[in-house]
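Notes to accompany the following structure.
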Amino acid sequence: MGSFKSICLPSYLPFFYLYPKQSGMSDIKKLTEFIINFRNDRDWEQFHNSKDLAVAISIEAAELNELFLWKKLEEIDEVDTEKIADELSDVLVYSIMLAHKHGFDLEEIIMSKMKKNGEKYPIEKAKGKMTKYNEL
């Protein structure tokens, strides 16, 4: 089996690494810029309203789920990792585009949500449990 990069990265992705590095710009911001430029170069923004991006996220997540459908627990590790990476990438790309459309800072909204999760699931009550927060 090849390396993760050789399996998971599309042929055009190395160009992302050729963009000049901008000081103070996070990897998430660089990735977002790359995705938006990729979209804009193809004039696809016209198709990317909030509803359609949200639906696309759901569809791509369903395609990710489909890879595991009807598999026994012992078969899960045999699912093609390249297909997992492709579907997960689709979910993430559409999610990044939706966040960008609404002017969300990904780092900020993720940290904010994790803070809320930390409050709902304090370590002393939730550690090692899969109980929903309102049942802890």
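Just so you know, all these numbers are worked out from the coordinates, no wet-lab data involved. This structure is a prediction, so every number in the text was calculated from the model and none was measured. When we count neighbours, we look across all protein chains shown, and the Cβ atoms used for this are built from the backbone with ideal geometry, even at glycine.
Here are a few things to note about the model shown:
- Region 73-136: C-alpha gyration tensor shape, a/c 1.5 cut-off, then a/b vs b/c: oblate
- Around ASN40: net Lys/Arg minus Asp/Glu count, Cβ-Cβ under 13 Å: -1
- Rough spin-label spacing in nm, given labels placed 7 Å along Cα→Cβ, for TRP44 and LYS125: 4.3 nm
- Sites ASP80 and LEU31, calculated FRET efficiency, Cβ-Cβ separation with R0 35 Å, nearest 0.05: 0.90
- The alpha carbons of region 25-104 occupy a box of 41, 28, 23 Å along the principal axes, longest dimension given first.
- Listed by chain and number, the aspartates and glutamates placed with their C-alpha closer than 20 angstrom to that of LYS125 are GLU135; residues fewer than eight positions away on the same chain are left out.
- Whichever lysines have a C-alpha closer than 29 Å to that of LYS71, once near sequence neighbours (fewer than 8 apart) are set aside: LYS5, LYS83, LYS127, LYS129, LYS132
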